[in-house]
Amino acid sequence: MATASFNMQSVFAAPSGGLSSCNIRNTKQLFFKRNAPVGVRCMAQGDPIKENPSVPSTSTSQSQMPPSPPPVSKPKVSTKFGDLLAFSGPAPERINGRLAMVGFVAAIAVELSKGENVFAQISDGGVGWFLGTTALLTVASMVPLFKGIRAEAKSKGLMTSDAELWNGRFAMLGLVALAFTEFVTGGTLV
């Protein structure tokens, strides 16, 4: 690798503009020069393969098939608290999306029933409800993640984990749009 790197540097950095017969000759010498013999040794793990005495042993036998590689296993998912709540971890977007879905539906329901906008709902005891819902949904979302169960593994049919993420994203946008619209208009949306 170092030879190839040096070789490419010497070809491109040559003062004569790169490729000359001298550089090509040096390239061939660098690539095809062998200073030491190269040996390959294969060491199998586990039980050694017993040779069949009826088959003559040759050093270049093509009849033996190489063993198939072991099956690729899924990487284990981390159940560390820091990994789960990392920026790219599985918990933050899912938890925030679930909270936004509940919050958007609750905000619209209270607005329809009492006629209060979002800011009035928050000032009239909504903070306690928000904190309680946040704690409950966070714990409920984290318990399966601590056990190593991911939502992607349990999603089938119409209610997939991707659909939940998109619904949560739209609910986050809807909740912000609802609050912004009510702030600009000074009243309720409906």
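When T188 is tested against (1) surrounded by 12 or more Cβ atoms within 10 Å (Cβ to Cβ); (2) in a helix (DSSP H, G or I); (3) of a type in the set (S, T, N, Q), just one condition goes unmet, and that condition is (2).
In the range 150-176, the residues that are in contact (Cβ under 8 Å) with a residue 60 or more places away in the chain form Cβ pairs under 9 Å with partners that are hydrophobic (A, V, I, L, M, F, W, C) and assigned to a loop (DSSP other than H, G, I, E, B), at six or more places apart or across chains, as follows: R150/V77. Note on the range 103-113: among residues that are hydrophobic (A, V, I, L, M, F, W, C) and farther than 19 Å from F170 by Cβ, the one that is most open to solvent (accessible area, probe 1.4 Å) is L112. Each residue in the range 83-100 was checked for being open to solvent by 50 Å² or more (accessible area, probe 1.4 Å) and either of a type outside the set (D, E, K, R) or without any contact (Cβ under 8 Å) to a residue 40 or more places away in the chain (or both), and 5 pass. Scanning the range 114-147 for residues that are open to solvent by 90 Å² or more (accessible area, probe 1.4 Å) and over 14 Å from A91 (Cβ atoms) turns up K114, F119, D124, W129, F130, L131, L136.
The values are calculated or read from the model by the stated rules, or taken from the named source; none is laboratory data. Please read these numbers as outputs of a predicted model, since none were measured by experiment. Methodologically, a virtual Cβ is constructed for each residue, glycine included, from the backbone with ideal geometry; neighbour enumeration extends over all protein chains shown. We work out accessible area using only protein heavy atoms, side chains counted, and drop any ligands, DNA or RNA first. Shrake-Rupley method; radii C 1.70, N 1.55, O 1.52, S 1.80 Å.
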